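First the structure, in the form of structure tokens, and then the observations on it.
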Amino acid sequence: MSEMQEYIVDATNKILKKHVTKELVDASEKGEWSDQLWDVLVESGLVSVGIEEGLGGTGGDATDGFAILRLAGKYAAPVPIFETIIAGWLLADHKVETTYEPISFSMNIESDLNSNDFVLKQVPWGRHVKKVVYIGEINGAFKIAILPTDHATVKLNQNLAGEPLDELHFSGIELEKITQFDVDQQDTFNRVMTLAALGKSAMMAGAMEQVLDMSVFYAGERQQFGRPIGKFQAVQHHLSALTAETAVVLAALNYAIVAFQEGTIKEELPLAKMKISESAGKVAGIAHQLHGAIGMTHEHQLHQLSRRLWAWREDYGNESYWAKKLAKTYIENNDLTLWEFITNEKRGNVNV
Amino acid sequence: MKNLDLPVVSFTAEQNKFRKEVRDFLQKELNSGSFISHADSWMSGYSSEFSKKLGQQGWIGLTWPKKYGGQERSALDRYIVTEELLAIGAPVASHWFADRQSGPLFLKFGTEEQRKFFLPKIAKGECYFSIGLSEPNSGSDLASIKTKAEKVDGGWLVNGMKTWTSGAHHSHYAITLCRTSPPDEKNRHAGMSQFVLDLSAEGVTIQPIQFLTGEHHFNEVFLDNVFVPDEHVVGEIGNGWKQGMEELAYERSGPERILSTFPLLQEAVEYLKEQKDINGLAQALQLVSRMWSLRNMSIGVAQMLEKGEDVSLTASLVKDLGTIFEQTVAETVRLLIDSTPSVTSSKLIDRLMAESVLHGPGFTLRGGTTEILRGIVAKGVLAK
């Protein structure tokens, strides 16, 4: 970790620890906007990390962003920091200056916007964002475009964790007048999937670290049969399994991030996302078993993480999506044996 | 809670070149019929000829000082050799424990005479070791061992019995853990010592224990007034437990805890690819995603070992996850391909499937059962 990244991690940790309470996450789920938390994150430059200073960003690189997202996942920060950071990077690719507003992004390679009235479904944090970065066709040409949400009405929807996943009904937008860039469809799709799958993977890793911490705490505190339940082997095995899953998830995440940083990421992305999504389900399940009935209540904090794990493992490709995609590539473009494939060090500067 | 991040290791260009050199050599050996691929080859693939060939290449004792016959290369270089050998299913059982554990034990705790005597022979692939730990009534509870060594003039007289001793019928020596003072209820780990036991010495009787397949790699070793000279004490008298536990770190996190069934997985993936079976291949690739992640972990632990960091918890995690993965390979692959598993089949995938299923129960038992490992991990995290 660079010195700058250590500083960023330390600062993010302090901010999230102070501001993100169970009550804040509950309030967000009821529809409130976490304005104080968001303002602190903006003022600290954490939502504009990985964007050069010349564009109004904080500097640093994408790995700093992934380090922030790992902590955002750990604390279940109820703000669109993932969406804003990644949308910011996509816009910075086209030299768009950062505006420090909450923004979301929505990619749909099958859609084509061709009238002034249209609907975007499943827009993360749609109700709270000022803009949506749209990745898809406009009048038949593949674009990255900025859609201001002041022309949109919102039909509320949510994911498994109660995070906003809204339907936005745009009307009266003059498509030819909005900021937009012609982009290559495949390259852009790959770029968005890479950033987003890595970002969500980092968030899941953070959430699993927190679930492990909570479980260790609970096993040490909860008493049954006159002693802490952590004294029972059956419960110890749950703790061990949670530790193992978390450690292997971090090994997958960290290797994928290094490959990304070196510009060589290829199979590492599906391999990591598959593993992390798979472990997310295991970790949530085991932690609930360990916490017993109290963990199923809304009063306990566990669900704020377990529901996020269940939601996020589906985002930007679950195990099945990436496995099939990788299988297709493996059949079509791979002359390596499996062992050569696994030990292949320099995979070339190619995206999946 | 302790940070669970492990180091991320990128192999250097030289290391990749070295990997290619090892791989090409093994492929040539395989093609020339010098060995055939087996699943779990580090436990059951005995070939002293092959071990000697590896010794000639300088690939046994790779990390040891040159003056003892080693090459002074890094732990990661050794990692490369080890995983290449296992991935191709080469017969490495003969020298396995000597290279992995006994050599490093001599380097850490042995006398200069012991190093000079044993290490060059091990590095040549000519001298094999077994590990004498378990006893009939001391399995997971190793501290309860009863085999005794009593001081006599010029050495020690060993009496007792060891069991599950892999390769004792093939090895020249066994590093044997014995009680050298009576058990102390307050300190169960005190009073044990390690000895180099000459397996051809008078009073040593080796009886095969057939594995469930009928194969012979386990043994019972009866020790009846076996004389062990003073110069065959390893390290300090009374320090045997601690010395033995340090060996286990090398034992628990290596590629052999992930790759025992890899030859099957590779063969299955090749078959599914040929069949253009996208759904089947997709399921196999989910196993690959687990394997890739576990390998990252295992390499990270190897790096920590090289730096002398404490890996007792992380090595246990690798072994727990890795050995369950090894079993899962067979359980998943059997549903993806059409196979009639048989150890006598001439069809490679059928034979590898049979070996992987039949050897499976051992993966999660040997070198510390899953249950023992989970206890170590849980106590580690609860203590923090």
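The values are calculated or read from the model by the stated rules, or taken from the named source; none is laboratory data. Note that the structure is predicted; figures quoted are calculated from it, not measured. Every residue, glycine as well, gets a Cβ built from its backbone with ideal geometry; the counts of neighbours run over all protein chains shown.
Criterion applied to A:263, A:295 was being surrounded by fewer than 24 Cβ atoms within 10 Å (Cβ to Cβ), on the phi < 0 side of the Ramachandran plot and more than 7 Å from chain B (Cβ to nearest Cβ), and the one residue passing it is A:295.
Has the range A:318-328 got at least one residue that is crowded, with 19+ Cβ neighbours inside 10 Å and under 23 Å from residue A:210 (Cα atoms)? Yes, the range A:318-328 has at least one match.
With respect to residue A:181, determine if the residue is in a strand (DSSP E or B), modelled with pLDDT of 95 or more, surrounded by fewer than 21 Cβ atoms within 10 Å (Cβ to Cβ) and among the aromatic types (Phe, Trp, Tyr). The answer is yes for residue A:181. Filtering the range B:327-384 down to residues that are more than 29 Å from residue A:209 (Cα to Cα) and acidic (Asp, Glu), which residue is surrounded by the most Cβ atoms within 10 Å (Cβ to Cβ)? Among residues in the range B:327-384 that are more than 29 Å from residue A:209 (Cα to Cα) and acidic (Asp, Glu), the one surrounded by the most Cβ atoms within 10 Å (Cβ to Cβ) is B:355. Entry remark, the range A:98-138: residues being more than 20 Å from residue A:86 (Cα to Cα) and surrounded by 17 or more Cβ atoms within 10 Å (Cβ to Cβ) number 4 in total. Quick one: is residue B:293 free of Cβ contacts under 8 Å to residues at least 12 places away in the same chain, touching a Pro at 6+ places or on another chain (Cβ under 8 Å), surrounded by 24 or more Cβ atoms within 10 Å (Cβ to Cβ) and assigned by TED's automatic domain parsing to the domain that holds residue B:371? So residue B:293 does not fit the description; no. Scanning the range A:298-307 for residues that are surrounded by fewer than 21 Cβ atoms within 10 Å (Cβ to Cβ), in contact (Cβ under 8 Å) with a residue 60 or more places away in the chain and closer than 12 Å to residue A:214 by Cα yields one hit, A:301. Listed here are the helices (runs of 4 or more DSSP H) enclosed by the range B:303-384 that have at least 3 residues being closer than 21 Å to residue B:285 by Cα and either away from chain A (no Cβ under 13 Å) or touching a residue at least 24 places away in the same chain (Cβ under 8 Å) (or both): B:312-333, B:348-363. In summary, helices (runs of 4 or more DSSP H) completely within the range A:1-71 and bearing 3 or more residues that are hydrophobic (A, V, I, L, M, F, W, C) and surrounded by 15 or more Cβ atoms within 10 Å (Cβ to Cβ) occur at A:3-19, A:35-43. If residue B:295 satisfies all but one of (1) farther than 18 Å from residue B:363 by Cβ; (2) part of a helix (DSSP H, G or I); (3) basic (Lys, Arg), what's the number of the condition it fails? Residue B:295 satisfies all of (1) farther than 18 Å from residue B:363 by Cβ; (2) part of a helix (DSSP H, G or I); (3) basic (Lys, Arg) except (1). If you go through the range A:327-347 and keep only what is under 27 Å from the mean Cα position of the chain (by Cα), more than 7 Å from chain B (Cβ to nearest Cβ) and farther than 17 Å from residue A:274 by Cβ, you end up with just A:346. Of the strands (runs of 3 or more DSSP E) entirely within the range B:181-250, those holding at least 2 residues that are loosely packed, with under 15 Cβ neighbours inside 10 Å occupy B:204-210, B:216-229. Every condition in (1) within 29 Å of residue A:34 (Cα to Cα); (2) hydrophobic (A, V, I, L, M, F, W, C); (3) over 21 Å from the mean Cα position of the chain (by Cα); (4) surrounded by 17 or more Cβ atoms within 10 Å (Cβ to Cβ) is met by residue A:154 except one, and the failing one is (4). For the range A:121-176, a residue qualifies if it is over 22 Å from residue A:100 (Cβ atoms) and of a type in the set (Lys, Arg), and the qualifying residues are A:121, A:143, A:155.
With respect to being among the hydrophobic types (A, V, I, L, M, F, W, C), surrounded by 23 or more Cβ atoms within 10 Å (Cβ to Cβ) and in a loop (DSSP other than H, G, I, E, B), residue B:127 fits the description. Candidates are the residues of the range B:255-276 that are part of a helix (DSSP H, G or I) and among the aliphatic types (A, V, I, L, M); the one that is surrounded by the most Cβ atoms within 10 Å (Cβ to Cβ) is B:264.
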